[in-house]
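S.K.: One structure, pasted below without further comment.
The values are calculated or read from the model by the stated rules, or taken from the named source; none is laboratory data. Only a predicted model underlies this, so the values are computations on that prediction, with no experimental measurement involved. Cβ placement follows ideal geometry from the backbone for every residue including glycine, while neighbour counts extend to all protein chains displayed.
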Ligand SMILES: Cc1cc2nc3c(=O)[nH]c(=O)nc-3n(C[C@H](O)[C@H](O)[C@H](O)COP(=O)(O)OP(=O)(O)OC[C@H]3O[C@@H](n4cnc5c(N)ncnc54)[C@H](O)[C@@H]3O)c2cc1C
Ligand code: SF4
Ligand code: SF4
Ligand code: SF4
Ligand code: SF4
């Protein structure tokens, strides 16, 4: 099939084009080209008059294809597609040729050459449109259901926003309790609220939205299949062994004979096998850690059938139109010996120090020793010159100063800050100012000469070549060294189930940091919170609410439309070799049996239209719609045709 | 290798008035603006840093402690209100306390302690200028009903270049009809620069003595010509109404009590005194008086108002050989001469001494002449 009545419209762009390219010559050179019905030039094709002219021509001359030669398609491709649609022509029977940037501007000093290039480009456009096919956008139904993985502050925030719109949310948390990392913090900047209090507030809202939010704790995603609008997810809910309310849990916990290191307090304290991580944790039922439990039955003696030590894991199938990852981050774990970590007793990480602050009363004590002077080493595990963590973790400067202020106010601790650069960006500059006022001492080191930690008697000695003191080597005797560790990407398997792309630094990657900040390259998969990049809670909840807004644009409308530029398989030509299946990085092609023969099938909803499979197929059985082999060949031939003087 | 010592920092904060030292975030603006800082010395930031970490041995080694002019250019420039000038004073307090004042400062302080003036001239000679004066100068004894105590100050009592100005002040005050008196031999030193040299104890002593004398004669209002006295009486003594002679003059001009008749057809450039400008925000008063004199064309130096360069006479340096590398009085004299002005007008007796030296050292004394604004007023009114 050939589109044989093509209208060609060459734009002056008010001189931007016509000052260099001879637009009249272009019109002349293409008006007798095969399949061209009409060719015109005009001062501003995008103006109302220009658009009207094209619309009228389509209707009056019965055009079945349009080429506009003007600016960049980024600017006006959509404009002209809409003109076609208004005139009743399929909007994909259109080609936008850029003779401004590609001819006029690129070859300002060679008007003749520019004109020849413009002619060749326009002809190639005509050839392409002549072989174009009418295409339809792909419509996908979107029932209002969503899966959110991770119930940290970001996951909960996103869940609440969506539930309030009446959307059904499945919120899956791998741990027995919700809240994520911020619950482990002490007074969180900017408000100074204790982390657990922040979570408490969200939990109160969560309780009100029970009808729309299904919360699964102690749960993991086992498999995900399907695509945007139609994800099928299987989760496993691991046993909590505490199955219903009982008012004697405290007694049961007391009776439990097993004690293990408490991971919530980074191993600085111990907990029982049946436990709450902290007093107000949610859900309210305690959990039993079966790795520690010896099934002695002491707790059962107290709580009876509220505890079931033989509870079995449960599997459940969930349907979701969209999936949001809110899987968070891990604090960087320093290597043994890195700034004396695990080498000297009183070298701890910032997360540990915050737990210490939360757990201490009256005076700050660690391992039986009072802590009066503390040195903080900044950028540990961030901004590495070599190594994976080249980025700045953003939260640590402010969190460190915030913790130092709290330590000073609550326990009179004197603080030394051994830093590379202070990045208390934005409003948080006031924390830095306040710390300076309160007598915190700042010393700046160069990454070429990092500080050294040694021990002398019962003191740790931090040796630093201080750039603020003109490179003087300075010794600071302290009782504790705190390493301000960065955020590192959390490795979780669910991510690979969907092939969500990572950025260079290992965090989940958005499509475009400015224009599409919460979507991933996988259709229908969104990212919220610190799984995307180092974020503090302010940024984590902002992005969480953004994912909710994004998801609701699909879920409230009930369907979505995708660009038609995806691939199609010619079953006649396909030999079933499977090369394309391997080539596709989105898993969008699969082989199916058709009457005993293997044939490739495209999963339209997830195909991104990259064309990689079309390139690899030895049989040319795959074509990218809108860019078919036929079209491209015709384009090349037309471009190479001689241009007469 | 040096060890951080926060105990010393506490002492600096509590004993020497360096409360603001921890405000400093080491930006270096003070060093950039300081007129006596040099590339090798990064003054005053380096010293501030030593205080922040309590590095006493480093402070002991540093020669720059005695460079500071207490001009306050750094203090008005500091983005963190760390008051670097005041921190320099704190460092001097520490040095003086531990007996480390250099000879020139020791002399300055001894002179004031013994003779109540920086030059060490016998204190009984303080009222000699009055005896030689050709005008009536009432004293607290001869005019017991005085309203204003004119505190003449050391420079206007002892320094040859400034004494004629005292005569003119007396004549002007008499003409306007101010009810005033001077203390004569009982006048002491105000202590402003003693304090800036870091000798807090002596300052407190002088202050006590002065307040005792003031009390004896029922002094409530003090009239001064020197910005140094003005600063300390106004801001560091309690309960006195303090006025500048220039204020009295301007009021009289405005009310018609003082008529400026004779035009002075000269180009005049005014040099801001640190203790008027940066210490007390008085920039327009001297200029207004100059503008009121017929004939004068007032011009400005590139560095004026808050950015004005210091004359170099603060903190005891008016009587000492300057220990640093840069002579600001010479630089200022050059800057003034480059404006093409005939007269460099000053409003401070120390600026007068320092800039006259500067004009001579730069050999521009044939182009520009240093004069007190009061001299110009007198010439126009009575000359
Ligand atoms: C020491 C320290 C101090 C801090 N101080 C502050 C502060 O003062 N102010 C501030 O604003 N921010 C602070 N932060 C940052 C704050 O902790 C983070 O911004 C916040 O925790 C990010 O929330 P999130 O929900 O994205 O991730 P997380 O808190 O990490 O939560 C992620 C959740 O997802 C769950 N999860 C992960 N993988 C899976 C999976 N596969 N399946 C199911 N569930 C999964 C996790 O168990 C967790 O509950 C601090 C961080 C640290 C380390
Ligand atoms: S926020 Fe501060 S401590 Fe953290 S990585 Fe960035 S510069 Fe280093
Ligand atoms: S590469 Fe081509 S021939 Fe092979 S399976 Fe895919 S479509 Fe069929
Ligand atoms: S007061 Fe003046 S001389 Fe002293 S440090 Fe500041 S700028 Fe320099
Ligand atoms: S005293 Fe002020 S100007 Fe000087 S370095 Fe400190 S903050 Fe900067």
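S.K.: Evaluate the following for residue A:453: is it buried (at least 21 other Cβ atoms within 10 Å of the Cβ), touching a strand residue (DSSP E or B) at 6+ places or on another chain (Cβ under 8 Å), at the interface with another protein chain (Cβ under 9 Å from one of its Cβ atoms) and not in a loop (DSSP other than H, G, I, E, B)?
M.R.: Considered against the rule, which asks whether it is buried (at least 21 other Cβ atoms within 10 Å of the Cβ), touching a strand residue (DSSP E or B) at 6+ places or on another chain (Cβ under 8 Å), at the interface with another protein chain (Cβ under 9 Å from one of its Cβ atoms) and not in a loop (DSSP other than H, G, I, E, B), residue A:453 comes out as no.
S.K.: Scan (1) in a loop (DSSP other than H, G, I, E, B); (2) more than 33 Å from the chain's Cα centre (by Cα) for the single condition residue A:299 breaks and write down its number.
M.R.: All conditions are met except number (1).
S.K.: So which of A:461, A:474 is part of a strand (DSSP E or B) and at the interface with chain B (Cβ under 8 Å from one of its Cβ atoms)?
M.R.: When all the criteria are applied, what remains is A:474.
S.K.: Related question: Please specify each residue of region A:422-446 satisfying the condition of being in a loop (DSSP other than H, G, I, E, B) and in contact with a strand residue (DSSP E or B) (Cβ under 8 Å, 6 or more places away or on another chain).
M.R.: Passing the criteria: A:422, A:439, A:440, A:445, A:446.
S.K.: What single numbered condition from (1) more than 15 Å from ligand 2 (Cβ to nearest atom); (2) more than 14 Å from chain B (Cβ to nearest Cβ); (3) surrounded by fewer than 18 Cβ atoms within 10 Å (Cβ to Cβ) fails to hold for residue A:430?
M.R.: (2)
S.K.: Related question: Only residues that are in contact with a helix residue (DSSP H, G or I) (Cβ under 6 Å, 6 or more places away or on another chain) and farther than 30 Å from residue B:266 by Cβ: list them for region B:322-341, please.
M.R.: Answer for region B:322-341, where residues must be in contact with a helix residue (DSSP H, G or I) (Cβ under 6 Å, 6 or more places away or on another chain) and farther than 30 Å from residue B:266 by Cβ: just B:323.
S.K.: Using beta carbons and a limit of 8 Å, which pairs, at least six apart or on different chains, have the first residue in region A:182-196 and free of Cβ contacts under 8 Å to residues at least 12 places away in the same chain and the second one within 16 Å of ligand 4 (Cβ to nearest atom)?
M.R.: Matching pairs, first to second residue: none at all.
S.K.: Answer yes or no as to whether residue B:287 is within 22 Å of residue B:170 (Cα to Cα), in contact (Cβ under 8 Å) with a residue 12 or more places away in the chain and out of contact with any helix residue (DSSP H, G or I) (no Cβ under 6 Å at 6 or more places or on another chain). Let's see the steps before the verdict.
M.R.: On the way: within 22 Å of residue B:170 (Cα to Cα): yes; in contact (Cβ under 8 Å) with a residue 12 or more places away in the chain: yes; out of contact with any helix residue (DSSP H, G or I) (no Cβ under 6 Å at 6 or more places or on another chain): yes.
Against the criterion (within 22 Å of residue B:170 (Cα to Cα), in contact (Cβ under 8 Å) with a residue 12 or more places away in the chain and out of contact with any helix residue (DSSP H, G or I) (no Cβ under 6 Å at 6 or more places or on another chain)), residue B:287 qualifies.
S.K.: Please go through region A:479-498 and give me each residue that is crowded, with 23+ Cβ neighbours inside 10 Å and either within 14 Å of another protein chain (Cβ to nearest Cβ) or in a strand (DSSP E or B) (or both), ordered by number.
M.R.: Selection gives A:480, A:481, A:482, A:483, A:484, A:485, A:487, A:489.
S.K.: Still on this structure, I have one more. Having 1 or more residues that are within 13 Å of chain A (Cβ to nearest Cβ) and within 25 Å of the chain's Cα centre (by Cα) is the bar; report the helices (runs of 4 or more DSSP H) wholly within region B:1-117 that clear it.
M.R.: Details: elements: B:6-15, B:29-33, B:45-53, B:56-61, B:73-77, B:84-97, B:103-115.
Here the list reads B:29-33, B:45-53.
S.K.: For region B:128-147, give me each residue that is surrounded by fewer than 20 Cβ atoms within 10 Å (Cβ to Cβ) and either under 22 Å from the mean Cα position of the chain (by Cα) or more than 22 Å from residue B:162 (Cβ to Cβ) (or both).
M.R.: B:141, B:142, B:143, B:144, B:145, B:147
S.K.: Let me ask something else about it. Residue check, residue B:36 against (1) more than 15 Å from ligand 5 (Cβ to nearest atom); (2) within 17 Å of residue B:326 (Cα to Cα), all met but one. Which one?
M.R.: (1)
S.K.: Quick check on region A:595-627: of everything there that is closer than 18 Å to residue A:131 by Cα and out of contact with any strand residue (DSSP E or B) (no Cβ under 9 Å at 6 or more places or on another chain), which residue is farthest from ligand 5 (Cβ to nearest atom)?
M.R.: Applying the filter and picking the extreme gives A:620.
S.K.: Could you pull out every one of the strands (runs of 3 or more DSSP E) wholly within region A:323-411 that has 1 or more residues that are within 16 Å of ligand 4 (Cβ to nearest atom) and within 36 Å of the chain's Cα centre (by Cα)?
M.R.: Strands (runs of 3 or more DSSP E) meeting the threshold: none at all.
S.K.: Within region A:398-414, is even one residue within 11 Å of chain B (Cβ to nearest Cβ) and without any contact (Cβ under 8 Å) to a residue 12 or more places away in the chain?
M.R.: Looking for residues that are within 11 Å of chain B (Cβ to nearest Cβ) and without any contact (Cβ under 8 Å) to a residue 12 or more places away in the chain, one finds none in region A:398-414, hence no.
S.K.: Which one of the conditions (1) farther than 21 Å from residue A:443 by Cβ; (2) within 16 Å of ligand 5 (Cβ to nearest atom) does residue B:24 fail to meet, given that it meets all the rest?
M.R.: (1)
S.K.: Here is a follow-up. Which one of the conditions (1) over 30 Å from residue A:143 (Cα atoms); (2) modelled with pLDDT of 95 or more; (3) not in a helix (DSSP H, G or I) does residue A:267 fail to meet, given that it meets all the rest?
M.R.: Failing condition for residue A:267: (2).
S.K.: Just a yes or no: is a residue in region A:634-642 under 18 Å from residue A:576 (Cβ atoms) and either at pLDDT below 95 or touching a helix residue (DSSP H, G or I) at 6+ places or on another chain (Cβ under 9 Å) (or both)?
M.R.: So far as region A:634-642 goes, no, none of its residues is under 18 Å from residue A:576 (Cβ atoms) and either at pLDDT below 95 or touching a helix residue (DSSP H, G or I) at 6+ places or on another chain (Cβ under 9 Å) (or both).
S.K.: Sticking with this one: Output the residues belonging to region A:590-633 that are touching a helix residue (DSSP H, G or I) at 6+ places or on another chain (Cβ under 7 Å) and either within 16 Å of ligand 2 (Cβ to nearest atom) or in a strand (DSSP E or B) (or both).
M.R.: Listed by number, the residues that qualify are A:590, A:591, A:600, A:622, A:623, A:624.
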